[in-house]
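Notes follow once the structure below has been shown.
Quick note: the coordinates plus some simple rules give every number you see, no bench work behind them. Model, not experiment: these values are computed from the prediction. Please note: Cβ atoms are built from the backbone with ideal geometry, for glycine as well, and neighbour counts cover all protein chains shown.
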Amino acid sequence: MAAQTSYPTFSGSGGADVAIIGAGIVGLTAAYLLAQAGLSVVVLEARRVGRQVTGRSTAKITSQHALIYRHLIDTRGIDQAQYYAEANRRGATQTLSWIDQLGIACELQRKDAYAYTCDPGQREDIKAETEAARRVGFDAQFLDRAPLPFHTAAAMRFPDQAQFNPAQYLIGLSLAVEAAGGRIFEDTRVTAVDTGDRWRVTAGKGTLDVRHVVIATNLPIAGPVEYDGRTQPRCHIAMAFRTAADVVDGMFIGIDEPTHSIRMGRDSEGPLLVALGPRFNTGQNGDVAKRFRDLETWVHSHLPTGDAMWHWVNEDYETADRVPFAGAPSDEAPGVYIATGFNGWGISNGTATGILIADQIRGRPNPWAKLYDPRRPAPEDFVQGGESQSEVSRIEDIPPGEGGIITQGEEKIAVWKDEHGKPHRLSASCTHKGCVVTWNNADCTWDCPCHGSVFQADGTVVHGPAIGPLRPVTGPAKP
Ligand SMILES: Cc1cc2nc3c(=O)[nH]c(=O)nc-3n(C[C@H](O)[C@H](O)[C@H](O)COP(=O)(O)OP(=O)(O)OC[C@H]3O[C@@H](n4cnc5c(N)ncnc54)[C@H](O)[C@@H]3O)c2cc1C
Ligand code: FES
């Protein structure tokens, strides 16, 4: 477990060259580069540094993103595929060199990265991907099988990639931001970005006037630009199993459905095998706990592991063309920058887009601007909003420790019962745009099926784009 940060909460008023909203990998990368360049930088983090999507990822630092390079060559041409390769290579090497230069203790390990299939019918896809990856400059190798203790039909290896503890890395990077003159505030949720002579950023009772705003909140919060119609929120479940020793050597991503991702990790008790299950649309699954049971069964039947020690859910946003959106999204909002839609590969892409945004703010040319251009067209039917999966007829149908949605007159009420069976009632309307939330019975959260906001059982925001908690419902329960 990484050390905690304890930066103050922002209050009062002030000014800076740049406000960075969000202390994840994108925000802190941009913050460090801009502070080093001599700009005054303020980072505003709603929760704690590095604890959200970045901190909960499997943290493979790699340019090997399953099957991507053939797709990019076919859909965006060889030049943009080259830029994607270059940006991700640079993102990875930048991370590794900061770990080295700044002496960040983050359990860095060099590992090969493998994409594998168990289906002989997919061998040709792996072969074609290997060739595509070699065309854009990687030392990719085709293998008849992956070095895994179960049968595979083919694999592709990218040698000498890496894995690390992302929360520890971001804590180290936050110290570097401070040392370079940047200021960081935690427990500081930004609730508005308004235009004026400059941009006015509101967080609690504090306001900050700035020339540039970087909205690095994984999905941009509602503000001068909206991105929720262009990216699909997707969750993965992750589990860590006790093992006697390292049972795999490398980082593995399956290309088959249902897909699995595998690597080793550690906690204070010793080695752990970390496995990820298949993705699903956030808030559109009514029994996330079953996904954990399925993943546990799969792991125990494929890998020599002991008990499940940890489990968690994480989400990221996908784009239709599988390339993130990053940069300046609109002429109507000069000085505003966003980065989103990392498709589950935001360690290298997140660092690359942080570099891109820092270059753009400094007026420096960057060859990846077109690749990540947030103004490029996106299909209108890509985002599949959904309905709540947790509707029940009566409050009595909700067991202790669980949540459900009941209808009261015109209103949908989110009811969570604590372990003593006492009901706690909240409005079920997501405070972003009003969709009715779904109970996540694994993480005990309310998840929005529209744009991926996540709220704790008590309504507190865990993940935006929502900026406010689910509203409490007062008064007696109505039939
Ligand atoms: C299960 C899973 C596994 C993954 N594994 C990998 C992997 O192995 N390799 C890889 O390359 N990528 C991986 N990814 C993807 C990668 O983790 C993400 O794309 C990346 O971490 C996103 O970084 P971020 O900075 O956008 O988000 P975050 O790290 O979530 O940072 C955003 C920050 O903004 C803050 N924030 C939000 N709203 C506000 C507000 N209103 N005011 C102030 N602050 C706010 C949040 O609290 C948060 O700290 C994985 C993703 C998932 C879901
Ligand atoms: S996240 Fe947009 S309506 Fe809930």
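Taken over the alpha carbons of segment 1-126 as equal point scatterers, the Debye sum produces base-10 log I(q)/I(0) values at 0.09, 0.23 Å⁻¹ of -0.39, -1.45.
Fewest neighbouring Cβ atoms within 10 Å first, the residues Ser393, Ser268 line up as Ser268, Ser393. Taking the centroid of alpha carbons for each part, segment 36-57 and segment 109-127 are 34 Å apart.
Taking the number of other C-beta atoms within 10 Å as the exposure measure, put Ser13, Ser390, Ser429 in order starting with the fewest.
Arranged by neighbour count, lowest to highest, Ser13, Ser390, Ser429 become Ser13, Ser429, Ser390.
Below 14 angstrom from the Cβ of Ala378, what's the summed charge of the other residues (Lys, Arg +1; Asp, Glu -1)?
Counting the neighbours of Ala378, the net charge comes to -2.
Across segment 12-24, computed HN-Hα scalar couplings (Karplus, 6.51 cos²θ - 1.76 cosθ + 1.60, θ = phi - 60°) run x, 9, x, x, 6, 5, 9, 9, 10, 9, x, 9, x Hz from first to last residue, x flagging Gly and Pro.
Take the Cα pairs of segment 68-158, get the Kirkwood Rh, then feed it into Stokes-Einstein at 25 °C and 0.890 mPa s and tell me D in µm²/s.
The diffusion coefficient I find is 168 µm²/s.
Counting only cysteine Cβ atoms and a cutoff under 4.7 Å, the chain contains unmatched residues Cys106, Cys118, Cys235, Cys444. Computed from the Cβ-Cβ distance with R0 of 22 Å, the FRET efficiency linking Thr259 to Ser97 stands at 0.10. Counting only the Cα atoms, segment 318-370 fills a convex hull of 78 Å³ per residue. Note on segment 258-357: Rg/Rh from Cα positions, Kirkwood definition for Rh, rounded to two decimals, is 1.09. Size descriptors for the chain: radius of gyration and Dmax over Cα atoms are 22.2, 66 Å. Would any residue of segment 433-475 have its amide N under 12 Å from a label point 7 Å out along Cα→Cβ of Thr191? List them or say none. In segment 433-475, the label zone of Thr191 (backbone N under 12 Å from the point 7 Å along Cα→Cβ) covers 467-469. The modelled label-to-label distance for the pair Lys433/Gln456, using points 7 Å beyond Cα in the direction of Cβ, is 2.8 nm. By the Stokes-Einstein formula, at 1.002 mPa s and 20 °C, segment 420-479 with its Kirkwood radius over alpha-carbon pairs has D equal to 183 µm²/s. Listed from fewest to most Cβ neighbours within 10 Å, the set Thr75, Thr340 follows the order Thr75, Thr340. Overall shape of segment 134-233 was characterised from the C-alpha gyration tensor. The equivalent ellipsoid obtained from it has semi-axes of 42, 19, 14 Å, in decreasing order.
Our coupling estimate for segment 344-349, obtained by passing each phi through the Karplus curve with A = 6.51, B = -1.76, C = 1.60 and θ = phi - 60°, is x, 10, x, 6, 6, 5 Hz, Gly and Pro reported as x.
Across segment 64-106, the volume of the C-alpha convex hull divided among the residues equals 55 Å³ per residue.
With each label modelled as a point 7 angstrom along the Cα→C-beta vector, the His424-Ala245 pair spans 4.6 nm. Here segment 291-402 is described by how far its Cα atoms reach on the three principal axes: 57, 43, 24 Å, from widest to narrowest.
Taking all pairs of different Cα atoms in segment 177-255, averaging 1/r and flipping that mean, what Kirkwood radius in angstroms comes out?
Values: mean 1/r = 0.0587 Å⁻¹.
Computed over segment 177-255, the radius equals 17.0 Å.
Here the label points at Asp139 and Asp294, each 7 Å from Cα along the C-beta direction, are separated by 3.9 nm in the simple model. Quotient of the Cα radius of gyration of segment 373-416 and 2.2 N^0.38 Å, N being its number of residues: 1.84.
Note on segment 334-479: along the principal axes its Cα atoms extend 61, 30, 25 Å, ordered by decreasing extent. Computed from the alpha carbon positions, the gyration tensor of segment 132-182 leads to an equivalent ellipsoid with semi-axes of 37, 16, 6 Å, biggest first. Taking a sphere under 13 Å around the Cβ of Phe164 and counting the other residues whose Cβ falls inside, with K and R at +1 and D and E at -1, yields a net charge of +3. Taking a Cβ cut-off of under 10 Å around Val248, the surrounding Lys, Arg, Asp and Glu residues balance to a net charge of 0, with basic ones at +1 and acidic ones at -1.
Across all Cα atoms of segment 223-303, the radius of gyration (one decimal) and Dmax (whole number) stand at 15.6, 52 Å.
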